[in-house]
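Read the structure below first, then the notes.
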């Protein structure tokens, strides 16, 4: 991994939260989601058929990515500080990255598709931060995608064009970000093979190492 010069700030956004399920009124309230849209504050997320929750996966992987980035001198800001809270709402998560003037913001998720397997990287369909930031977001998506491929992870067979890239206009965290920002669906938690990897500590470490490698490559 590259040795970085200068001060860099990365915001890691572990999707959902462990307390969301117990507070439906809080997570179902409507908040701005960009381009005049409003969406639910947050959601519960998915889980494997064996009951391993996405929010727990996201939190674990984000902590592992944070440790690697910090070891390379990167300042890491988390959008949540535990896996027992509620939210924060998607618009607040975007604000955290904007206020930190993040060099990169990466939202970490697991998918719950009923078919297919593999990871995919998502960026906003538009340029909320302007064309330069949109270009940086695209470079960030390529860097993380390339690192996942290099680590042996397969692109999703069920999303986008099947190449592991997707562009969406409905994700508030991306629509409201004025900093380089992407979301990664690290795998499909309903697929037996992906679920086995995502449920194991070694699998999560491998995913985290790939994400961190991609972020560091982008920052370099």
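Quick notes on this structure:
- Cα centroid separation, region 114-139 to region 26-82 (Å): 17 Å
- Percent of beta bridges antiparallel (DSSP, region 98-189, rounded to nearest 5): 20 percent
- MRE, 222 nm, helices only [DSSP H, n ≥ 4, -39500 (n - 2.57), over the chain, to nearest 500]: -12000 deg cm²/dmol
- Highest-MSF residue in the chain out of 21, 71, 102 [GNM, Cα springs under 10 Å]: 71
- For region 27-122, the relative contact order comes to 30 percent (Cα pairs under 8 Å, sequence separation of at least 6).
- Size-normalised alpha-carbon gyration radius of region 48-88, reference 2.2 N^0.38 Å: 1.34
- Stokes-Einstein D for region 79-176, Kirkwood Rh over Cα pairs, 25 °C, 0.890 mPa s (µm²/s): 168 µm²/s
- Among beta bridges that DSSP assigns inside the chain, antiparallel share in %, nearest 5: 30 percent
- Of 63, 115, 205, the one that fluctuates the most in a GNM where the chain has Cα springs shorter than 10 Å: 115
- Over the chain, Cα pairs under 8 Å with separation of 6+ residues give a relative contact order of 29 percent.
- Read-out semi-axes √(5λ) of the Cα gyration tensor in Å, derived from the coordinates shown; its label in [x] 29, 20, 17; [y] 37, 18, 14; [z] 22, 21, 17: [z]
- Treating r as the C-beta distance of residue 82 and residue 35 and R0 as 35 Å, the FRET efficiency rounds to 0.65.
- Using the Cβ-Cβ distance between residue 132 and residue 75 with R0 set to 25 Å, the FRET efficiency from 1/(1 + (r/R0)^6) comes to roughly 0.70.
- Projected label distance in nm at residue 150 and residue 115, using a 7 Å step from Cα toward the beta-carbon: 3.4 nm
Rule-based calculations on the coordinates, nothing more; no lab input. Bear in mind that the values here come from a model prediction, so they are computed numbers and not experimental data. Backbone-built Cβ (ideal geometry, glycine too); neighbour counts: all protein chains shown.
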